[in-house]
1. Among all residue pairs at least 6 apart or on different chains, which show Cβ distances below 6 Å where the first residue, located in the stretch 157-172, is closer than 30 Å to P17 by Cβ and the second is part of a loop (DSSP other than H, G, I, E, B) and polar (S, T, N, Q)?
2. Please go through the stretch 118-173 and give me each residue that is hydrophobic (A, V, I, L, M, F, W, C), surrounded by fewer than 19 Cβ atoms within 10 Å (Cβ to Cβ), over 10 Å from the mean Cα position of the chain (by Cα) and part of a strand (DSSP E or B), ordered by number.
3. I'd like to check something: does the stretch 2-11 contain any residue that is closer than 13 Å to V148 by Cβ and surrounded by fewer than 16 Cβ atoms within 10 Å (Cβ to Cβ)?
4. Scan (1) under 12 Å from the mean Cα position of the chain (by Cα); (2) modelled with pLDDT under 95 for the single condition P101 breaks and write down its number.
5. Residues in the stretch 1-15: is at least one in contact (Cβ under 8 Å) with a residue 40 or more places away in the chain and part of a strand (DSSP E or B)?
6. Taking the residues in the stretch 39-57 that are part of a strand (DSSP E or B) and under 15 Å from S178 (Cα atoms) as candidates, determine which candidate is nearest to the chain's Cα centre (by Cα).
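The values are calculated or read from the model by the stated rules, or taken from the named source; none is laboratory data. Note that the structure is a prediction, hence the values are computed from the model and not measured. Reconstructed Cβ throughout: ideal geometry from the backbone, glycine too, with neighbour counts over all protein chains shown.
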Amino acid sequence: MTLPRRITFVEGDKYAPLRFEPPVTIQSLRGKKVSVENIKLPAEKEIVLENIQGRSLELEMEISGETVEINVLRSPDKEETTRIVLMKERGLRRNELPAPPNMTRKPRNSTVTIDNSMSSVLNASPRPPETAEVYLEENENFKLRLFVDRSIVEVFVNSKQVLAVRAYPGREDSDRMSLLSREGDAELILLNAWQMRSIWPE
């Protein structure tokens, strides 16, 4: 039920040797585009992006910050929402590897979590959150390709990791998006959002 994935091996990259990308042909389904950039995310203040709505979306994002929550398939009162949580350098230390050049400490992975525990008011049983670790360089921001396809949320993280969950929003107005920085200020550096057309001919 996920998108096809193109997986390549990067020779010589000890910290993230695999790359995961959606197929280039998915871009042919892009429709109307909305772009925003350089939006400050004050700590603990949820920012709702009113001009981005939909249940079939592709989102291309770059975010700086320590812990940032992205809400998709969100109802206006947040009774329903699917949360993607980005946490910089909160995963396991890479003890099997030496410290990268110009760093004195051994590297620590970052984490990405998709939580569907509040995705639906229906009797759909949520699963435990999906969490994956990804290695980012010290000054590397989170760069996402995020796909919302009605009942599926799929996230490609810096082309180094990918994870997906099912979500079953029961409300017709669960089509909003918001951002929330949990630890200190953060910044949405770039967001390109496309409405996605159906792959099936009309």
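1. From the stretch 157-172, the pairs are A164/T2; V165/N116; R166/S151.
2. Of everything in the stretch 118-173, those that are hydrophobic (A, V, I, L, M, F, W, C), surrounded by fewer than 19 Cβ atoms within 10 Å (Cβ to Cβ), over 10 Å from the mean Cα position of the chain (by Cα) and part of a strand (DSSP E or B) turn out to be A132, I152.
3. Within the stretch 2-11 (the criterion being closer than 13 Å to V148 by Cβ and surrounded by fewer than 16 Cβ atoms within 10 Å (Cβ to Cβ)), the answer is yes, since at least one residue qualifies.
4. Failed condition: (1).
5. Taking the stretch 1-15 as the starting set, the residues that turn out to be in contact (Cβ under 8 Å) with a residue 40 or more places away in the chain are 1-3, 5, 14-15.
With part of a strand (DSSP E or B) added as a condition, the list becomes none.
Checked against the condition, which is being in contact (Cβ under 8 Å) with a residue 40 or more places away in the chain and part of a strand (DSSP E or B), the stretch 1-15 yields no hits at all.
6. Only one residue tops the list, namely L57.
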